[in-house]
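Step one of this worksheet: look at the structure below.
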Amino acid sequence: SDIPDDLPQVPVVRTGSKLLFYGQGNIKWKAQSGAVNYVQEQNPYATAGYYFVTDDSRYSDVAIAKSSASLGSGKVINTVTGREFHEEELVNPGETGRQLLGEDFRYTTTQPFKFTLDGLTDGGTVNVLTNFAAKTYATGNVTTGATVTAQYNGTRATNSLNINTVTDVAHEHYKYGTFVNSFTLSGTTSLTYTLSFSPIYTLYMARLNYITVNYQRNLALSGGTIGWGQYSGDVSDQFQLSGIGWGQYSGDVSDQFQLSGGNAGTHVWDVTVSHQPIEMNTSLSGSTVTFSPAQSGNREYVAFDQDATFPTPSMVGTVKNQNIHGEATPDMIIISPSAYLAQARRVAALHESVD
């Protein structure tokens, strides 16, 4: 398996008074087909990513792997898919499983959600996917129990959602559905996406699950960093970037990414394997950084200016060394009901004699 059983040491960049590394948070982006190419996946057990820092002199920095890929001669790519989302994990309606839902729409039936679409190309397409859950009930042969409509910056969106009624009030927690609206924005990078919920029959529950926004953005550094993904590209293509993080999906080594707003301190990393980033081989012309993928397929990238100002992580606390692999005789605890205690003791004796 390529999943490490120990915490892997991650490569770092030291510059000035900073120690920079790529940190995986509790959000991953899942590539899919359709107008919304990327949907977020929240870790159901953690709200943050944690990294351990040591000043132990026995450990030296891990050198970041370097890509040897040369610049391709294929299509030039300087716009990519920007990715934003809103998802609150507030309640588990069924009190079972990992599905958590967000804002309650039973009493406040219209609620706005604000997004800033950094790097949005003027007139570029914005695609918004909404996932909504409701529990309504009606007697007889009834299907639709509620509707959800949307507005973007005050304009009524084209598509809406019909949510079916449940058929078993006692055992069915809710029905949910998704709908996508596509539109363009001009002269602004601010989006207010407003949802309105309207029950038709007896209402028990109505909650937003999440809103995901994909949009066309310029491949340019924003605030010193950017992350992005490439969809259906080629290794001969050229990517041109300017201070941005992004991800690549199903690209090709002939592609050329061109990133604007870069400088001599701009790094581009392939972070498809988050703990093993690869520094891409880039070319700088003025403020444009160009590179080509090292391999085709689903890839994730981040670009950053090493001299930019970055958020400072918070110190959680000191953690005692837990080098379980280094223990001479690892402990074992066997938990058993009294009915199986004799057999549990046989298992314990077996491990004592063999292990």
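The values are calculated or read from the model by the stated rules, or taken from the named source; none is laboratory data. Predicted, not measured: the structure shown is a model, and the values here were computed from it. Using ideal geometry, Cβ is built from the backbone for each residue, glycine included, and neighbour counts are taken over all protein chains shown. Just so you know, the surface numbers come from the protein's heavy atoms only, side chains and all, with ligands and any DNA or RNA stripped out. Shrake-Rupley method; radii C 1.70, N 1.55, O 1.52, S 1.80 Å.
Yes or no: Gln24 touching a Ser or Thr at 6+ places or on another chain (Cβ under 8 Å) and within 16 Å of Leu129 (Cβ to Cβ)? Give the steps one after another, and end with the answer.
Values: touching a Ser or Thr at 6+ places or on another chain (Cβ under 8 Å): yes; within 16 Å of Leu129 (Cβ to Cβ): no.
Criteria not met by Gln24.
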Against the definition (within 30 Å of Leu101 (Cβ to Cβ) and either in contact (Cβ under 8 Å) with a residue 12 or more places away in the chain or in a loop (DSSP other than H, G, I, E, B) (or both)), how does Ala35 come out, yes or no?
yes
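In segment 319-355, which residue that is of a type in the set (S, T, N, Q) and modelled with pLDDT of 80 or more is least open to solvent (accessible area, probe 1.4 Å)? Outline the logic, then answer.
We begin by selecting, within segment 319-355, every residue of a type in the set (S, T, N, Q); these are 321-323, 329, 336, 338, 343, 353.
Restricting the remaining residues to those that are modelled with pLDDT of 80 or more gives 336, 338, 343, 353.
Details: Ser336: 41, Ser338: 108, Gln343: 96, Ser353: 92 Å².
It comes out as Ser336.
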Given (1) part of a strand (DSSP E or B); (2) out of contact with any Leu (no Cβ under 8 Å at 6 or more places or on another chain), where does Phe132 come up short, assuming only one miss?
(2)
Which one of the conditions (1) of a type in the set (Asp, Glu); (2) farther than 27 Å from Gln24 by Cβ; (3) part of a strand (DSSP E or B) does Glu300 fail to meet, given that it meets all the rest?
(2)
Tell me whether segment 200-208 contains one or more residues that are closer than 30 Å to Thr165 by Cβ, in contact with a Leu (Cβ under 7 Å, 6 or more places away or on another chain), at pLDDT 75 or above and open to solvent by 10 Å² or more (accessible area, probe 1.4 Å).
yes
Scope segment 137-154; condition open to solvent by less than 10 Å² (accessible area, probe 1.4 Å) and not hydrophobic (A, V, I, L, M, F, W, C); matching residues:
Gly145
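I'd like to know if segment 61-81 contains one or more residues that are part of a strand (DSSP E or B), open to solvent by 40 Å² or more (accessible area, probe 1.4 Å) and under 30 Å from Leu129 (Cβ atoms). Lay out the reasoning, then the answer.
First, the residues of segment 61-81 that are part of a strand (DSSP E or B): 65-66, 76-77, 79-81.
Those left that are additionally open to solvent by 40 Å² or more (accessible area, probe 1.4 Å): 65-66, 76, 79.
Still in the running and under 30 Å from Leu129 (Cβ atoms): 76, 79.
Yes, segment 61-81 contains a residue that is part of a strand (DSSP E or B), open to solvent by 40 Å² or more (accessible area, probe 1.4 Å) and under 30 Å from Leu129 (Cβ atoms).
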For Arg58, which of the numbered conditions (1) open to solvent by 90 Å² or more (accessible area, probe 1.4 Å); (2) touching a residue at least 40 places away in the same chain (Cβ under 8 Å) fails to hold?
(2)
Quick one: which of Ala157, Ala134, Ala170 is hydrophobic (A, V, I, L, M, F, W, C) and open to solvent by 50 Å² or more (accessible area, probe 1.4 Å)?
Ala170
Cross-chain or 6+ apart pairs with Cβ under 8 Å, segment 323-347 first and free of Cβ contacts under 8 Å to residues at least 40 places away in the same chain, then open to solvent by 90 Å² or more (accessible area, probe 1.4 Å)
Pro330/Ile324; Ser336/Gln343
Which numbered condition in (1) hydroxyl-bearing (Ser, Thr, Tyr); (2) touching a residue at least 12 places away in the same chain (Cβ under 8 Å); (3) open to solvent by less than 50 Å² (accessible area, probe 1.4 Å) is the only one that Ser296 fails?
(3)
Could you list, in sequence order, all residues of segment 299-322 that are more than 21 Å from Val12 (Cβ to Cβ) and touching a residue at least 40 places away in the same chain (Cβ under 8 Å)?
Arg299
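Would you call Ser182 surrounded by 13 or more Cβ atoms within 10 Å (Cβ to Cβ), modelled with pLDDT of 95 or more and within 17 Å of Gly145 (Cα to Cα)? Full working, then the answer.
Values: surrounded by 13 or more Cβ atoms within 10 Å (Cβ to Cβ): yes; modelled with pLDDT of 95 or more: yes; within 17 Å of Gly145 (Cα to Cα): no.
Spelling it out, it is not the case that Ser182 is surrounded by 13 or more Cβ atoms within 10 Å (Cβ to Cβ), modelled with pLDDT of 95 or more and within 17 Å of Gly145 (Cα to Cα).
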Among the residues of segment 172-193, write down those that are in a strand (DSSP E or B), more than 19 Å from Asp118 (Cβ to Cβ) and either more than 23 Å from the chain's Cα centre (by Cα) or of a type in the set (Asp, Glu) (or both).
Lys175
